């Protein structure tokens with residue numbers, strides 16, 4: 001099933017959701033590992049992986065957003081209260097915004113640092129700002145702040161999905177799971 005239906009997300013939506021979810025978890029681990037690593041060639045390699053994964057997330061999120069805009073979302077259960085509908089829409093908008101803003105802020109950090117960078121050592125990434133130490137420091141603060149916000153919104157998102165599945169016992173979580181997981 002490619003297109004979303006009123007009852008379920010389509011295969012592309014599920015692919016984008018789970019691929020970005022896994023990449024974000026990997027990205028968080030890479031970022032903290034690279035930042036904590038002692039100055040060495042390995043530290044530089046870890047940052048190349050971190051930055052490259054960030055660019056990949058940005059590209060996937062733009063594709064995901066395009067897919068989402070062209071495909072209606074499945075309806076929430078009919079008994080979903082208005083406050084919960086509003087919260088669901090707001091949290092999804094925040095997730096999309098944060099998942100786009102984080103790699104963009106990383107790109108600003110790299111550009112402001114004046115460090116040439118190639119995605120996965122292959123594709124040169126152009127600078128989007130001129131080198132500027134003050135801007136680099138502000139972008140680092142924004143990057144960390146966005147990460148904290150993303151982690152908080154992700155916790156709410158995961159908690160809401162688990163609440164729908166285990167407490168409300170509706171299909172909200174199941175319709176985002178790949179078909180093979182739904183029947184396992």
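Bear in mind these aren't lab numbers, they're just calculated from the coordinates by the rules spelled out. These numbers were taken from a predicted model, which means no experiment stands behind them. Heads up, the Cβs are rebuilt from the backbone with ideal geometry, glycines too, and the neighbour counts pull from every protein chain shown.
Want the number for residue 45 to residue 91: 0.36 nm per residue separation, take away the alpha-carbon distance, what's left?
Details: separation 46, 0.36 × 46 = 16.56 nm, distance 3.37 nm.
Contour length minus Cα-Cα distance gives 13.2 nm.
In degrees, nearest 10, range 0 to 90: what is the angle between the Cα axis of helix 11-36 and the longest Cα principal axis of the chain?
That helix lies at roughly 40 degrees to the long axis.
Using the count of nearby Cβ atoms within 10 Å as a rough guide to exposure, how do 111, 73, 127 rank from fewest to most?
73, 127, 111
Obtain the nm distance between the two label points defined at residue 69 and residue 17 by a simple spin-label model: each point lies 7 Å from its Cα along the Cα-to-C-beta direction.
Those two pseudo-labels are separated by 2.1 nm.
Once you have a ≥ b ≥ c as the square roots of the Cα gyration tensor eigenvalues for the chain, tell me rounded if a/c is under 1.5, and otherwise prolate or oblate according to whether a/b is larger than b/c.
The shape class here is prolate.
Arrange the following residues from fewest to most other Cβ atoms within 10 Å of their Cβ: 45, 84, 133. Walk me through the numbers on the way to the answer.
Values: 45 13, 84 16, 133 10.
Exposure proxy ranking, most exposed first: 133, 45, 84.
Quick one: helix 41-70 against the long Cα principal axis of the chain, what's the angle to the nearest 10°, folded into 0 to 90?
40
Who wins for biggest fluctuation among 24, 167, 158 in a Gaussian network model of the chain, springs between alpha carbons below 10 Å?
Highest fluctuation of the listed residues: 167.
How far apart, in nanometres, would the label points at residue 165 and residue 134 be if each is projected 7 angstrom from Cα along the Cα-to-Cβ direction?
4.9
Expressed as a whole number of Å, what is the distance separating the alpha-carbon centroids of the stretch 113-132 and the stretch 1-64?
19
Can you tell me how much longer the chain between residue 83 and residue 28 gets when fully stretched, taken as 0.36 nm per residue apart minus their C-alpha distance, in nm with one decimal?
16.7 nm
So how do 109, 28 line up by other beta-carbon neighbours within 10 Å, fewest first? Walk me through the numbers on the way to the answer.
Values: 109 22, 28 16.
Arranged by neighbour count, lowest to highest, 109, 28 become 28, 109.
Would you mind checking the tilt of helix 82-113 against the longest principal axis of the Cα atoms of the chain, expressed as 0 to 90 degrees and rounded to 10?
20
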